[in-house]
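Below is one structure, written out as structure tokens; the observations come after it.
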Amino acid sequence: MAKFLVKGGRLLEGEIEINGSKNAALPVLASSLLFKEKIEIENLPNIEDTKRMKELIGKLGADGKIDYEIAKKFRASILPVGGVIARFGKAAFPHPGGCVIGERPIDVFLDGWKAMGAKTELSEGAPTGYVIAAPEGLSGADYTFKIPSVTGTEALMMTAVLAKGTTILRNAVLEPEIKYLADFLNANGAKISGAGTATIKIEGRSGKLLEYGAPFTAPPDRIEAGSFAIMGALLGKNLRIKNFVAEELPTFLALLSNVGAEYVLEDNVLIFKDAHKKTLRASNVTTKEFPGFPTDLQAPFTILLTQAEGQSLVHETVFEGRLNYIQDLNKMGSRITLCDPHRAIIYGPAKLSGRAMASPDIRAGLAFIIAGLIAEGESAIENIYQIDRGYERIDERLRNIGADIKRI
Ligand code: EPZ
């Protein structure tokens, strides 16, 4: 099994470019089901999750069956279900897999499809699966999310595009990925308004598939952007991060300034000149839906806080299992008290030492790389499939800016 060996102590210098966004590309890949013909995506990140999505869609037939083995590997496997039900009137799929960061139910999806006229049954046998059918077709609905969900909003939006009549989705999330998907679908004939606000209106096409005309260009990945910025704040010496879209990380940047990290933004290039010399101060962080602090940057930011002077509180409000990596971090030398599944207190600064650990999920895996880069000695990170799910050739790209990281 491949692993990363990371040696600490090197400063990061030079230029690194942010790749195409995973979470913007995945729903657009899934939306190909709404089209008559093939769609084109530019700047698609070549990562394990986009490969899995392509495999999943490639295996789909008119029976609406989603491949169980592939779907178990990533949560976004639920995204194509939205189009499958709308197109074939039925879908069979397992409870989606993916990062083990909490319970991750799918009730808001099922409630939404039910509101549009579909019936769901649990399939027999293991693993747990669902069979959805809408023999009389799907009709537009006025649906309010009891919990705002990113992929829930995306999946229901896709179903509504092919349904009959108008759908209104209320308490939708405001994440930029929603607007990217809506803009792409609108450029190809869909009628969606309000994406990026809490109320989205979709005029359904009564089963008429979209005709492909305009390609999608995946925007820079805002989570990769934030992760590189954290590396810059810790180790940057004339580090330039290209394609940085500040408007997509407002709270993150406010907190980065609050901890005392020094950066300048020049025409979408985020520059850390002598950041490694700065003393960082503690700060409290609460994860929230957009435009709040993204839960996907919580683990990397916690690594930054281990180096800040004073006591920081990290409050993870989105997922209940997303502080699981802290035990390993404490074994590296951090001083973090886990109060409950949602809150951790970090006492800093702490000296970290390299050790062996396994990546629990995409973002905590990247956080371990950052920890390894600032630690004394060598860290060995296993289960790097998790990291490769979200970051393309991360070892090679970090080596280019001076990091000591090897894939063995
Ligand atoms: C998306 O996951 C992202 N994935 C996640 O990124 C991200 O962490 C998350 O949004 C929050 O920003 C993709 O875009 C592919 P949610 P998603 O449904 O849609 C609860 C990464 O590392 N909920 O918005 O699955 C849920 O348990 C990944 O790139 C229900 O209760 O997240 C959570 O507490 C990890 N019932 C909250 O809502 C449901 O039916 C928000 O989750 C659905 C969700």
### Gaussian network model of the chain, springs between alpha carbon atoms under 10 Å - residue of Val81, Val131, Val245 with greatest fluctuation
Val131
### Accessible area in square angstrom per residue, the chain, 1.4 angstrom probe
40 Å²
## Note on the structure
So the carbon and sulfur contribution to the accessible area of the chain, 1.4 Å probe, in percent, is 49 percent
### Task
Could you check how many percent of all C-alpha pairs in the stretch 367-406 are farther apart than 14 Å?
45 percent
### Message
Give the separation of the Cα centroids, the stretch 132-154 to the stretch 264-282, in Å.
### Response
43 Å
### FRET efficiency estimate (nearest 0.05) - Cβ-Cβ, Glu262 to Glu136, R0 45 angstrom
0.15
### Task
Take every Cα-Cα distance within the stretch 13-74, group them into 5 Å bins from 0 onward, and report for each bin the whole-number percent of pairs it holds.
3, 15, 26, 23, 15, 8, 4, 3, 2, 1, 0
### Message
Of the candidates Pro291, Pro341, Pro105, which one comes out as most mobile in a Gaussian network treatment of the chain with C-alpha springs shorter than 10 Å?
### Response
Pro105
### Query
How much length is gained on full extension from Glu378 to Arg343, taking 0.36 nm per residue of separation minus their Cα-Cα distance?
9.7 nm
#### Entry: Loop-resident sites, the stretch 202-235, for GluC sites (Glu not before Pro), counting at most 14 other Cβ within 10 Å (DSSP)
Glu211
### Query
At 222 nm, what helix-only mean residue ellipticity would the chain give, in deg cm²/dmol to the nearest 500, using -39500 (n - 2.57) for each DSSP H run of four or more?
-9000 deg cm²/dmol
### Summary
Counting only DSSP beta bridges fully inside the chain, the antiparallel percentage to nearest 5 is 65 percent
### Query
Please identify the trypsin sites (Lys or Arg not before Pro) of the stretch 72-167 that satisfy two criteria: DSSP loop assignment and at most 11 other Cβ atoms within 10 Å. Which are they?
Lys146
### Task
Using Cα pairs closer than 8 Å and at least 6 residues apart in sequence, work out the relative contact order for the chain, in percent.
22 percent
### Query
Which value, to two decimals, describes the C-alpha radius of gyration of the chain once divided by 2.2 N^0.38 Å?
1.00
### Task
Only loop residues by DSSP count here, and only those with at most 13 other Cβ atoms within 10 Å; note down the trypsin sites (Lys or Arg not before Pro) in the stretch 306-405 that meet that.
Lys351
### Query
Can you give the alpha-carbon Rg of the stretch 197-339 over 2.2 N^0.38 Å, where N counts its residues?
1.27
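The values are calculated or read from the model by the stated rules, or taken from the named source; none is laboratory data. Bear in mind the structure is a predicted one, so any value in this text is a computation, not a measurement. A quick note on method: Cβ atoms are made from the backbone with ideal geometry, for glycine too, and the neighbour counts reach across all protein chains shown. Remember, those area values only see protein heavy atoms, side chains included, never the ligands or the DNA or RNA. Shrake-Rupley method; radii C 1.70, N 1.55, O 1.52, S 1.80 Å.
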